[in-house]
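Input: a single structure, listed below in structure tokens.
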Amino acid sequence: MRELSVTLAGLHLKNPVITASGTFGYGLEFSRYGDLKALGGICVKGLSLAPRQGNPMPRVAETPCGMLNAIGLQNCGVETFVRDKLPFLPWRDTAVIANLYACDAEEFAELAGVLAAEEGIAALEVNISCPNVRAGGILFGQDPAMAARVTEAVKKRAGIKPVMVKLSPNVTDIAAVARAVEAAGADILSLVNTLSGMSVDVSSRRPRLANVIGGLSGPAIKPVALRCVWQVCRAVDIPVIGMGGIASAEDALEFILVGAHAVQVGTANFLRPDFAFRLVEELPPLLERLGVSSWEEFRGTLKV
Amino acid sequence: MADAGGCREVAVLSRGAESPEGERHGLWRLAVENPGWTKAVAGQFAMLRPLRFGRELTWARPLSLFGVTPERVEFFIQVAGRGTAHLAAMNPGDRLVMWGPLGRGFAVEPDTPTLLLAGGVGLAPFAPYIAAHPRPDNLRLVFGHRPPLAAYPFAKMAATIQAESFHEEKPGDLDRFTALLRERLADYANGLVLACGPRPFLAAVADMGRAAGARVQVSLENRMACGVGACLGCVEKDAKGELVQTCVRGPVFWARELAAFDGGLETPGSREGCACGN
Ligand SMILES: Cc1cc2nc3c(=O)[nH]c(=O)nc-3n(C[C@H](O)[C@H](O)[C@H](O)COP(=O)(O)OP(=O)(O)OC[C@H]3O[C@@H](n4cnc5c(N)ncnc54)[C@H](O)[C@@H]3O)c2cc1C
Ligand SMILES: Cc1cc2nc3c(=O)[nH]c(=O)nc-3n(C[C@H](O)[C@H](O)[C@H](O)COP(=O)(O)O)c2cc1C
Ligand code: FES
């Protein structure tokens with residue numbers, strides 16, 4: 001299979017490999033390890049209106065087959081990103097996706113407005129796995145009505161940019177959230193964000209993260225992520241981008257087999273910084289071996 | 001294109017301890033193929049991930065450069081947990097993924113009297129520092145250790161510069177070691193002091209060095225997931241209150257550039273934090 005490109009809701013990707021938010025910096029950190037232009041997309045670290053310091057240290061902990069993080073969305077702020085980082089990304093060749101973080105729907109909308117004006121931004125990804133400060137800290141993504149309201153608010157200000165909503169797996173019925181967000185106008189869904197978790201040290205009797213609770217990612221979460229993507233793909237008509245624990249080309253194809261149009265890779269970028277670049281190169285021979293000649297023929301064809 | 005300083009899979013060339021004491025105390029040298037590194041500075045580090053980690057051990061382990069020749073890159077490893085146990089048990093031919101050289105190394109000021117202070121495995125970066133220094137007569141080393149001296153590559157380093165060691169065996173020894181450091185630091189007003197070792201050691205050196213009027217650099221060992229500035233797991237608060245990635249802006253810093261080492265009151269950690277795992 002030669003033609004790896006996919007287009008979903010107007011978002012064109014030269015291949016279905018996107019680096020996941022928070023695991024690939026602002027992209028430039030990895031230019032020493034591969035050609036950024038070879039990637040399908042780069043999803044940058046969650047951006048907020050004002051710069052953020054994030055949580056106290058330690059904010060990462062290794063766990064079997066994965067890791068916990070509670071970075072607390074440290075970022076340089078949208079203005080600095082647009083001025084100092086975006087111009088250096090190869091956005092004409094590789095889709096640069098802005099990941100949005102805010103404390104309420106109004107702030108989300110304002111952020112969308114700023115980014116909608118930027119030629120270098122191919123799509124907006126809305127991170128609803130964070131607390132709604134106005135609603136006492138319940139996560140936007142845990143309440144279908146709240147998730148829908150944020151989606152609508154962003155969609156209104158996003159202009160022609162496709163709006164992708166990133167779902168949290170920390171819910172009882174992820175398909176219900178997916179349907180609510182679809183109805184509110186989302187163009188694409190991406191999932192999953194991290195699974196809520198914790199780790200403790202018995203000798204010091206302390207949690208391994210200063211924030212106590214953090215988000216689990218990496219191969220440990222892949223079965224949960226795959227189940228979520230499968231359920232969501234069956235529940236909605238808009239395209240889905242799958243992620244969670246992808247650490248090989250086979251892993252990536254599993255997500256496409258259950259219905260995803262593209263994938264994001266996160267924690268695997270820490271296994272080795274050239275992971276995403278290698279994944280792009282490993283897909284064609286694997287597809288060849290599996291006798292796949294087009295994405296259309298393969299996507300969502302899980303036999304059940 | 002990935003350059004020679006990118007990420008490469010390399011083979012182990014050799015592994016060995018300095019002495020039977022080294023073996024007994026889990027202190028090992030590991031030499032791997034040089035993937036084409038030409039420019040490396042003492043104090044820089046590499047991320048090493050044996051293929052045997054599989055998917056179980058997620059992160060690569062950060063290790064200081066202990067020696068770089070056109071053929072090999074060497075490390076000096078103390079077994080501290082599962083990852084370093086894997087690394088210290090690798091045999092010639094075993095493969096690992098390695099990226100580097102990373103971060104910023106120690107300052108070299110040939111004509112400035114320079115005091116090297118090492119605690120335990122923090123001795124590692126000073127081997128290449130001494131080897132590359134144009135004026136070894138300006139260098140002096142003080143090395144504090146718990147396992148026996150023979151476990152460390154100290155003798156070879158002491159052969160080329162003025163060096164002394166301090167064996168910490170019983171609880172009261174720490175105070176005597178601190179007193180020794182204070183005494184040595186007193187001779188370095190306006191001199192350069194470079195420190196590598198456990199964090200409390202670095203904090204003590206920064207305090208005493210400031211009091212002595214020395215310019216101090218410390219090498220931090222914050223937990224690292226990526227080593228390239230992307231995960232924001234390894235950050236440290238600088239003197240301006242910004243959180244900076246120690247893997248790219250460090251691991252070596254001027255003590256006065258860091259909130260925890262500049263002698264001022266440390267500002268409490270940010271509380272704007274958020275409950276989510278991002
Ligand atoms: C820049 C830098 C240079 C270093 N140079 C050397 C060296 O030359 N020789 C050497 O023996 N050690 C060095 N260390 C420390 C070494 O990286 C840790 O001892 C090692 O990561 C411990 O891993 P583990 O799996 O054996 O221990 P575990 O405790 O099982 O590790 C669990 C996790 O915590 C992290 N971690 C635990 N202790 C440390 C630590 N002290 N520093 C950083 N991360 C830690 C590990 O990387 C791992 O991800 C260096 C650390 C840094 C940051
Ligand atoms: C250190 C770290 C930081 C992250 N930061 C963000 C973020 O800012 N915004 C976001 O939407 N997701 C963030 N994520 C979640 C990832 O984008 C991804 O959804 C998750 O890690 C699952 O994929 P993986 O198993 O491939 O890592 C972060 C993950 C990690 C490990
Ligand atoms: S280790 Fe990831 S930013 Fe420093």
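Restricting attention to region B:21-40, the residues being more than 15 Å from B:T69 (Cβ to Cβ) and in contact (Cβ under 8 Å) with a residue 12 or more places away in the chain number 7. For residues that are away from ligand 1 (no atom under 11 Å from the Cβ), crowded, with 19+ Cβ neighbours inside 10 Å and either of a type in the set (G, A, S) or closer than 13 Å to B:F45 by Cβ (or both), tally how many sit in region B:227-244. Residues flagged as away from ligand 1 (no atom under 11 Å from the Cβ), crowded, with 19+ Cβ neighbours inside 10 Å and either of a type in the set (G, A, S) or closer than 13 Å to B:F45 by Cβ (or both) within region B:227-244 amount to 3.
Each residue in region A:274-304 was checked for being in contact with a Leu (Cβ under 8 Å, 6 or more places away or on another chain) and β-branched (V, I, T), and 2 pass. Of the residues making up region A:213-265, those that are more than 12 Å from ligand 2 (Cβ to nearest atom) and either in contact (Cβ under 8 Å) with a residue 24 or more places away in the chain or buried (at least 22 other Cβ atoms within 10 Å of the Cβ) (or both) number 23.
Among the residues of region B:87-106, at least one is more than 16 Å from ligand 2 (Cβ to nearest atom), surrounded by 20 or more Cβ atoms within 10 Å (Cβ to Cβ) and part of a helix (DSSP H, G or I). Can you find a residue that is more than 21 Å from A:I160 (Cβ to Cβ), away from ligand 3 (no atom under 16 Å from the Cβ) and surrounded by fewer than 18 Cβ atoms within 10 Å (Cβ to Cβ) anywhere in region A:64-71? There is at least one residue in region A:64-71 that is more than 21 Å from A:I160 (Cβ to Cβ), away from ligand 3 (no atom under 16 Å from the Cβ) and surrounded by fewer than 18 Cβ atoms within 10 Å (Cβ to Cβ).
Restricting to region A:224-254, what's the tally of residues that are closer than 15 Å to A:V265 by Cα, outside any strand (DSSP E or B) and of a type outside the set (G, A, S)? Of the residues in region A:224-254, 7 are closer than 15 Å to A:V265 by Cα, outside any strand (DSSP E or B) and of a type outside the set (G, A, S). Are any residues in region A:112-131 touching a helix residue (DSSP H, G or I) at 6+ places or on another chain (Cβ under 8 Å), closer than 22 Å to A:G185 by Cβ and surrounded by fewer than 23 Cβ atoms within 10 Å (Cβ to Cβ), and if so, which ones? If the condition is that a residue be touching a helix residue (DSSP H, G or I) at 6+ places or on another chain (Cβ under 8 Å), closer than 22 Å to A:G185 by Cβ and surrounded by fewer than 23 Cβ atoms within 10 Å (Cβ to Cβ), then A:G113, A:V114, A:A116, A:E118, A:I121 are the ones that fit. Scanning region B:225-235 for residues that are of a type outside the set (V, I, T) and farther than 26 Å from B:L192 by Cβ yields B:A225, B:C226, B:G227, B:G229, B:A230, B:C231, B:L232, B:G233. Restricting attention to region B:107-122, the residues that are under 30 Å from B:C7 (Cβ atoms) and either in the same structural domain as B:P200 (by TED's automatic domain parsing) or assigned to a strand (DSSP E or B) (or both) add up to 4.
Output the residues belonging to region B:184-226 that are within 16 Å of ligand 1 (Cβ to nearest atom) and surrounded by fewer than 24 Cβ atoms within 10 Å (Cβ to Cβ). Across region B:184-226, the qualifying residues are B:G197, B:P198, B:R199, B:P200, B:F201, B:A203, B:L220, B:E221, B:N222, B:R223.
Let's see how each residue does on (1) within 14 Å of chain B (Cβ to nearest Cβ); (2) touching an Asp or Glu at 6+ places or on another chain (Cβ under 7 Å); (3) farther than 26 Å from A:N69 by Cβ; (4) without any contact (Cβ under 8 Å) to a residue 24 or more places away in the chain:
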{"residue": "A:I138", "(1), (2), (3), (4)": "yes, no, no, yes"}
{"residue": "A:A148", "(1), (2), (3), (4)": "no, no, yes, no"}
{"residue": "A:K155", "(1), (2), (3), (4)": "no, no, yes, no"}
{"residue": "A:I160", "(1), (2), (3), (4)": "no, no, yes, no"}
{"residue": "A:M164", "(1), (2), (3), (4)": "no, yes, no, no"}
{"residue": "A:A176", "(1), (2), (3), (4)": "no, no, yes, no"}
{"residue": "A:R179", "(1), (2), (3), (4)": "no, no, yes, no"}
{"residue": "A:A183", "(1), (2), (3), (4)": "no, no, yes, no"}
{"residue": "A:S196", "(1), (2), (3), (4)": "yes, no, no, no"}
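Filtered by the rule that a residue be of a type in the set (V, I, T) and within 17 Å of the chain's Cα centre (by Cα), region A:107-144 gives A:I121, A:V126, A:I128.
Restricting the first member to region B:219-247 and to residues that are not assigned by TED's automatic domain parsing to the domain that holds B:M47 and in a strand (DSSP E or B), and the second to residues that are away from ligand 1 (no atom under 11 Å from the Cβ) and of a type in the set (K, R), the beta-carbon pairs closer than 9 Å and six or more apart or on different chains are B:V235/A:R59; B:E236/B:R249; B:D238/B:R249; B:L243/B:K237; B:V244/B:K237. The number of residues in region B:150-187 being closer than 25 Å to B:P20 by Cβ, without any contact (Cβ under 8 Å) to a residue 40 or more places away in the chain and part of a helix (DSSP H, G or I) comes to 6. Listed by position, the strands (runs of 3 or more DSSP E) inside region B:1-70 whose residues that are surrounded by fewer than 19 Cβ atoms within 10 Å (Cβ to Cβ) number at least 3 are B:7-16. Count of region A:17-29 residues, restricted to those that are touching a helix residue (DSSP H, G or I) at 6+ places or on another chain (Cβ under 7 Å) and either away from chain B (no Cβ under 14 Å) or buried (at least 20 other Cβ atoms within 10 Å of the Cβ) (or both), is 6. Within the option set B:R24, B:R29, B:R55, B:R104, being under 22 Å from A:A61 (Cβ atoms), more than 9 Å from ligand 1 (Cβ to nearest atom) and in contact with a helix residue (DSSP H, G or I) (Cβ under 9 Å, 6 or more places away or on another chain) holds for one residue only, B:R55.
The values are calculated or read from the model by the stated rules, or taken from the named source; none is laboratory data. This one's a predicted model, so the numbers in the text were calculated from it and none came from an experiment. Note that we place each Cβ from the backbone using ideal geometry, even for glycine, and neighbour counts take in every protein chain shown.
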